[in-house]
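For reference, the structure is listed below as structure tokens.
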Amino acid sequence: MASLLENNLMTDQYDVAVIGAGPGGYVAGIRAAQLGLKACVIEKDKPGGVCLNWGCIPSKSLIHQAELFHSLREMEGVGVTVDRTKLNYKKVQGKSRDATKALSSGVAGLLRKNKVGLVKGTAKIAGKGLISLDDGKQIKARNILVATGSRALQIPGFEFDEKQVLSSDGILAMTELPKSLLILGAGAIGCEFAYVMNAFGVEVTLVEMAEHILPWEDYEAVAVLDKSFRDVGIQVLTGTRAKQMQRLDDSVQVTLEDSSGAPIEVTAEKVLAVFGRVPNTENLGLREIGVKLDERGYVPVGDYCQTNIPGIFAIGDITPTPALAHVASKEGEIAIEYMAGHTPMYKGVEPELVPSAIYSEPQLAGFGLREDQAKDKGVKFKKSVFPLRGAGKSIAVGKPEGLAKVLTDRDTGELLGAHVVGHNATELIHELLLGKSSELLPADIAEMIHAHPTLSEAVMEAMRGIDGKPIHM
Amino acid sequence: MAKDYVMPKLAMAMNEGTVAQWMAAEGDFLRPGDVVMAVETEKVTYEVEAPHEGYLHILVPEGETVPVETPVGKFAENEDELKSLQQEVQSQDADKPVEAAPSAVPGVAAPTGTDLRTASSTASGGRIKASPLARKIARDKGLDIALLQGTGPGGRIVKRDILLALEQGIGRFAAATAVGGMREKARLPLSGARATVASRMMESLQSSAQLASRWESDITDLLRMRTHFVAREEQFRTSVSMNAFIIRAIVSAIRQVPIINAALQGEDIVIYENVNMGLAISLPGESPWDSSLMVPVIRDVDSMGVVEIDREMKALVERARNGQLGPDDMKDSTITLSSTAGLAPPGMSTSPVLNLPNAVIVGPSTPQEKPVSRNGEIVVRTMMPMSMTFDHRILNGEPAARFMKYLHECLEHPELMLA
Ligand SMILES: Cc1cc2nc3c(=O)[nH]c(=O)nc-3n(C[C@H](O)[C@H](O)[C@H](O)COP(=O)(O)OP(=O)(O)OC[C@H]3O[C@@H](n4cnc5c(N)ncnc54)[C@H](O)[C@@H]3O)c2cc1C
């Protein structure tokens with residue numbers, strides 16, 4: 001009895017304790033408070049997680065500034081000359097940090113406003129419903145939601161020193177532009193930095209092991225981006241793997257191997273190694289209390305993001321669902337709504353309803369089935385591709401490259417997948433995604449009046465192409 | 001000019017209709033009021049009259065289902081116009097295969113551009129909320145969405161509801177007829193869990209000698225005793241329910257009358273040492289109209305206190321709700337509890353059907369406050385309707401009555417459970 005009493009005095013008691021204040025964790029905390037649960041979020045670093053501090057947000061700030069810088073050329077076309085040699089990249093980087101600071105304190109403010117406790121410290125699960133912090137404090141909670149996110153994957157031989165060999169953290173912290181940059185891995189992060197660095201005048205080589213850059217995106221859409229990259233002078237090497245690396249005094253020499261097995265030597269001032277991410281699931285006490293992890297360290301989850309141990313939930317980058325901020329947030333909402341006794345609309349994130357987005361210029365966004373997958377699976381589909389240049393707006397704003405592509409079920413008309421590449425593609429995708437999630441038919445979007453001139457007209461025209469003919473083609 | 005003759009919208013929820021029969025022939029001259037065709041909807045068959053005067057030209061053959069507002073025929077002003085209409089059809093027929101090819105479902109108009117537009121405008125006029133895709137699949141598969149329940153946002157019928165209905169055979173177009181005066185709402189297949197319950201109930205009633213008895217127990221003191229347990233919810237990690245106390249009382253009464261906890265095995269009556277309590281649980285059904293029934297078992301309740309019984313019971317119910325019960329969870333019951341407390345109106349008593357091979361099933365129901373006489377005074381007490389059904393092949397009235405009496409006494413004087 002005595003020990004029970006002591007425990008009660010020493011610990012805080014919550015309905016749910018969230019570990020990690022990334023887009024998964026902080027959104028979960030707020031949702032919990034909205035539903036009347038007593039919640040806290042434990043964070044060892046800054047609120048906002050990778051996304052806000054070392055991911056989505058600072059990278060988008062750099063991309064925006066790269067776009068501005070790049071568009072100066074357009075100004076020259078109308079006689080405005082700007083001395084581009086005066087570029088101070090330290091200030092560019094500084095602006096990206098300002099954005100993260102503003103948003104991070106914004107997250108802290110939101111948590112405060114919603115009366116969600118923000119606990120500073122490194123958390124470890126000490127038992128069922130019990131968390132211990134590095135300062136010895138204990139937290140009791142009916143449910144524990146683990147949202148500890150991920151970190152850059154390091155591959156032997158290509159260890160980060162963050163001076164010559166950078167992770168995404170390193171390049172976001174970098175305050176001086178290198179002369180040349182070799183990027184290993186052409187996923188979303190690799191492609192975005194290829195765009196940014198190229199726009200600021202860095203000599204960029206982009207290397208991808210798979211047959212094309214952004215290997216999990218639709219090839220026809222990716223081909224547009226690939227061409228654009230090559231046109232602006234990025235050297236793109238696909239079907240090529242990095243074999244070994246040698247650090248020299250002021251450069252790095254990397255041996256690559258193309259698909260025929262022939263070696264290629266590339267020397268660059270810096271290397272950005274973006275091979276992937278690893279989940280932060282060590283030293284959390286997960287295994288000790290019996291939570292199953294898969295062979296790569298991810299936490300498999302069932303309905304409503306439950307782990308195999310009742311009362312322990314997992315969301316975001318530590319689960320095998322796509323490592324995206326919006327997936328983490330949605331999973332947080334689902335888990336919390338379930339804990340609060342509600343029945344969430346979905347038992348988990350439905351993969352075909354998750355949009356992917358790459359924010360280079362042109363942008364690329366998509367969801368659902370790709371054409372090659374549809375063919376492999378023997379799906380009977382209809383396909384319609386509308387080139388962006390068919391929408392007058394794209395010519396008016398000087399961004400004609402790109403396309404909107406839709407795949408529908410041949411018999412039911414169900415929207416199976418959509419892929420948009422071009423200016424503002426990451427915004428355009430949502431009309432199509434709404435169409436998919438609300439189960440609209442091609443005619444619903446094709447018949448809807450779209451304002452002229454907009455890029456969204458390309459979406460309408462692509463939908464027209466499914467059962468009829470686009471007008472501007 | 002010839003006028004279109006369309007499938008009329010005859011009821012608010014009507015989205016499509018079947019041309020059951022053409023009552024007038026191709027080329028007939030009709031006047032307003034003449035009967036043209038019989039239209040079958042999911043509910044009723046209507047005879048429809050001609051809206052205008054003219055020569056009838058038929059476009060849609062008998063037996064075909066089309067969305068409302070789709071032209072099913074034309075009215076020509078004169079015979080020349082009729083002739084040219086008839087020729088038009090022949091020439092159109094020549095390129096038909098190209099257009100018809102995408103339609104995989106016989107009897108449904110090929111989904112050409114025009115048909116789709118007609119369909120979606122109908123959809124927005126109807127009162128039933130369903131996604132366009134759900135409507136399309138339902139139409140193609142001959143499913144009446146008016147019979148389905150939606151699980152999408154705001155109760156909207158979405159694709160998964162249609163797929164589920166197809167799997168379960170709910171909402172198939174019932175043969176419509178106005179003759180019998182009965183209109184079908186749904187057809188539920190007697191299969192799966194529903195068929196199992198049906199056959200077990202029949203078997204129980206037909207193969208045993210069931211006798212039901214009812215009484216009332218004053219649970220005022222028991223309720224008061226329970227408050228001490230509820231107050232210690234944190235400590236016990238459960239808020240002990242009435243059912244746990246009733247189970248405990250049944251165990252006490254079985255100790256007094258062991259033959260209650262028995263079964264007939266061939267020529268023998270087997271009396272069991274341990275008490276495995278079957279728990280009748282009602283769960284959501286496979287369709288929105290029915291419910292499903294399961295009887296998972298809490299093993300060895302005779303060795304447990306009320307706290308443990310309660311925790312086990314709640315864990316079992318939770319697993320039942322999550323669909324996690326396995327065959328082992330349903331095995332080896334020696335007696336069953338089927339409570340309708342909270343579900344049934346206060347004071348109602350039941351006569352539950354025996355869960356074979358158990359000799360006894362106990363059926364408490366919703367308590368109510370009643371004036372009763374205590375020591376010559378009228379006082380208000382909480383009375384719980386109780387019932388028990390037993391198999392007269394296994395035990396006679398005397399042990400049954402003794403069991404009921406002791407159970408009654410345990411409920412009225414809970415301290416007896418300590419015995
Ligand atoms: C360069 C880059 C760009 C990206 N761009 C995008 C993009 O544009 N769009 C997009 O959707 N996604 C993007 N991502 C991915 C996105 O950042 C992640 O999917 C997202 O941050 C995952 O959210 P999370 O809540 O699961 O984890 P995280 O954001 O990783 O947050 C986890 C938090 O938990 C904390 N933590 C870990 N362990 C403990 C512990 N033991 N105790 C207390 N706290 C702990 C960490 O400090 C961290 O703050 C990008 C990622 C990178 C690296």
Might you check whether a residue that is among the charged types (D, E, K, R), surrounded by 23 or more Cβ atoms within 10 Å (Cβ to Cβ), within 22 Å of B:ARG135 (Cβ to Cβ) and at pLDDT 95 or above occurs anywhere in the stretch A:448-459? no
So, in the stretch A:22-43, exactly how many residues are out of contact with any helix residue (DSSP H, G or I) (no Cβ under 6 Å at 6 or more places or on another chain) and near the ligand (Cβ under 6 Å from one of its atoms)? 3
The correct count of residues that are within 16 Å of the ligand (Cβ to nearest atom), in contact with a Pro (Cβ under 9 Å, 6 or more places away or on another chain) and of a type outside the set (Val, Ile, Thr) in the stretch A:354-407 is 4
Helices (runs of 4 or more DSSP H) (entirely within the stretch B:230-339) containing at least 2 residues that are more than 34 Å from the chain's Cα centre (by Cα) and over 25 Å from B:ALA359 (Cβ atoms): B:233-236
Please identify the pairs in which a residue from the stretch A:258-280 that is in contact (Cβ under 8 Å) with a residue 24 or more places away in the chain has its Cβ atom under 8 Å from the Cβ atom of a residue that is buried (at least 21 other Cβ atoms within 10 Å of the Cβ) and aromatic (Phe, Trp, Tyr), counting only partners at least 6 apart or on another chain. A:LEU272/A:PHE193; A:VAL274/A:PHE193
Filtered residues of the stretch B:142-161 (kept if within 10 Å of another protein chain (Cβ to nearest Cβ) and either among the aromatic types (Phe, Trp, Tyr) or in contact (Cβ under 8 Å) with a residue 24 or more places away in the chain (or both)): B:ARG156, B:ILE157, B:VAL158, B:LYS159
Residue identified as under 30 Å from A:ARG389 (Cα atoms) and within 15 Å of the ligand (Cβ to nearest atom) among A:GLY190, A:GLY170, A:GLY149: A:GLY190
Of the residues in the stretch A:294-353 that are part of a loop (DSSP other than H, G, I, E, B) and of a type in the set (Ser, Thr, Tyr), the one that is farthest from the ligand (Cβ to nearest atom) is A:THR343
For B:LEU211, indicate whether it is modelled with pLDDT of 80 or more, away from chain A (no Cβ under 12 Å), part of a helix (DSSP H, G or I) and surrounded by fewer than 19 Cβ atoms within 10 Å (Cβ to Cβ). no
Restricting to the stretch B:341-373, give me the number of residues that are over 22 Å from the mean Cα position of the chain (by Cα), more than 17 Å from B:TRP215 (Cα to Cα) and of a type in the set (S, T, N, Q). 1
Going by the structure shown, is A:SER3 open to solvent by 10 Å² or more (accessible area, probe 1.4 Å), within 14 Å of chain B (Cβ to nearest Cβ) and modelled with pLDDT under 95? yes
Looking only at the stretch A:443-459, count every residue that is within 14 Å of another protein chain (Cβ to nearest Cβ) and under 17 Å from A:VAL420 (Cα atoms) and tell me the total. 2
Can you find a residue in the stretch A:44-66 that is more than 16 Å from the ligand (Cβ to nearest atom), over 23 Å from A:LYS330 (Cβ atoms) and in contact (Cβ under 8 Å) with a residue 24 or more places away in the chain? no
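A quick yes/no check of all residues on (1) closer than 18 Å to A:LEU432 by Cα; (2) at pLDDT below 95; (3) surrounded by fewer than 20 Cβ atoms within 10 Å (Cβ to Cβ); (4) within 14 Å of chain B (Cβ to nearest Cβ):
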position: A:LYS377; (1), (2), (3), (4): no, no, yes, no
position: A:LYS380; (1), (2), (3), (4): no, no, yes, yes
position: A:PRO387; (1), (2), (3), (4): yes, no, no, no
position: A:ALA396; (1), (2), (3), (4): no, no, yes, no
position: A:LEU403; (1), (2), (3), (4): yes, no, no, no
position: A:THR408; (1), (2), (3), (4): yes, no, no, yes
Only strands (runs of 3 or more DSSP E) wholly contained in the stretch A:75-165 count here; list those with 3 or more residues that are among the β-branched types (Val, Ile, Thr). A:138-146
Name the one entry in A:PRO362, A:PRO355 that is in contact (Cβ under 8 Å) with a residue 60 or more places away in the chain, touching a Lys or Arg at 6+ places or on another chain (Cβ under 9 Å), open to solvent by less than 30 Å² (accessible area, probe 1.4 Å) and closer than 19 Å to A:VAL224 by Cα. A:PRO362
Of A:LYS86, A:LYS95, A:LYS115, which residue is over 19 Å from the mean Cα position of the chain (by Cα), more than 9 Å from the ligand (Cβ to nearest atom), loosely packed, with under 13 Cβ neighbours inside 10 Å and over 30 Å from A:ILE289 (Cβ atoms)? A:LYS86
Complete set of residues in the stretch B:189-246 that are of a type in the set (S, T, N, Q), closer than 25 Å to B:PRO346 by Cβ and in contact with a Phe, Trp or Tyr (Cβ under 9 Å, 6 or more places away or on another chain): B:SER213, B:SER239
Kindly indicate the residue of the stretch B:268-293 that is in contact with a helix residue (DSSP H, G or I) (Cβ under 8 Å, 6 or more places away or on another chain) and without any contact (Cβ under 8 Å) to a residue 60 or more places away in the chain and also most open to solvent (accessible area, probe 1.4 Å) among those meeting that condition. B:ILE271
What helices (runs of 4 or more DSSP H) completely inside the stretch A:370-468 contain at least 3 residues that are closer than 18 Å to A:GLU220 by Cβ? A:371-376, A:425-437, A:456-467
Output yes when any residue across the stretch A:48-62 is more than 18 Å from the chain's Cα centre (by Cα) and small (Gly, Ala, Ser), and no when none is. no
Exactly one of A:VAL254, A:VAL278 is at pLDDT 95 or above, surrounded by 18 or more Cβ atoms within 10 Å (Cβ to Cβ) and closer than 17 Å to A:GLY170 by Cβ, and that residue is A:VAL254
Could you go through the stretch A:176-185 and let me know if any residue there is of a type in the set (Val, Ile, Thr) and not assigned by TED's automatic domain parsing to the domain that holds A:GLY29. yes
Could you give me the residue pairs with C-beta distances under 9 Å whose first residue belongs to the stretch A:176-188 and is on the phi > 0 side of the Ramachandran plot, whose second residue is open to solvent by less than 10 Å² (accessible area, probe 1.4 Å) and within 16 Å of the ligand (Cβ to nearest atom) wherever it lies, and which are 6+ apart or on separate chains? A:GLY185/A:LEU206; A:GLY185/A:LEU272; A:GLY185/A:ALA273
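For (1) open to solvent by 20 Å² or more (accessible area, probe 1.4 Å); (2) at pLDDT below 85, each residue gets a yes or a no:
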position: B:ASP28; (1), (2): yes, no
position: B:THR41; (1), (2): no, yes
position: B:GLU69; (1), (2): yes, yes
position: B:GLU81; (1), (2): yes, no
Please determine, by comparing only the residues of the stretch A:461-473 that are among the hydrophobic types (A, V, I, L, M, F, W, C) and open to solvent by 30 Å² or more (accessible area, probe 1.4 Å), which one is modelled with the lowest pLDDT. A:MET473
Within the stretch B:55-77, is there a residue that is among the acidic types (Asp, Glu) and free of Cβ contacts under 8 Å to residues at least 40 places away in the same chain? no
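The values are calculated or read from the model by the stated rules, or taken from the named source; none is laboratory data. Here the structure is a predicted model, which means the values were calculated and not measured. Glycine gets a Cβ as well: all are built from the backbone with ideal geometry, and neighbour counts include every protein chain shown. Just so you know, the surface numbers come from the protein's heavy atoms only, side chains and all, with ligands and any DNA or RNA stripped out. Shrake-Rupley method; radii C 1.70, N 1.55, O 1.52, S 1.80 Å.
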